[in-house]
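The values are calculated or read from the model by the stated rules, or taken from the named source; none is laboratory data. Nothing here was measured: the structure is a model prediction, and the numbers come from that model. Positions of Cβ are backbone-derived with ideal geometry, glycine not excepted, and every protein chain shown enters the neighbour counts.
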């Protein structure tokens, strides 16, 4: 008897890292290291939908931790334009 994929039923979930849905795990994620950020705000010029800097602070904040894939090139440009190298992209 030969057993193939159609004969085996698997009852398992996709692995998750830290919980959450698989789509969230695979999504583009933007992180700013506030310890490195020097407030140049180049990232805001590249991706204003993703980054902001409040007037009373000199550190950039992330508006969208998981921006749409359509913003990937803008986020990558922001990371490259950051003189402090404070922006990381995951996914």
Kindly provide the set of residues from region 71-91 that are out of contact with any strand residue (DSSP E or B) (no Cβ under 7 Å at 6 or more places or on another chain), in contact (Cβ under 8 Å) with a residue 12 or more places away in the chain and assigned to a helix (DSSP H, G or I), ordered by number. 71, 72, 74, 77, 81
How many of the residues in region 40-60 are loosely packed, with under 14 Cβ neighbours inside 10 Å and either outside any helix (DSSP H, G or I) or in contact (Cβ under 8 Å) with a residue 60 or more places away in the chain (or both)? 6
Look at region 43-58 and say how many of its residues are at pLDDT 95 or above and under 18 Å from residue 83 (Cα atoms). 10
What are the residues in region 82-91 that are on the phi < 0 side of the Ramachandran plot, over 14 Å from the mean Cα position of the chain (by Cα) and exposed (fewer than 15 other Cβ atoms within 10 Å of the Cβ), if any? 83
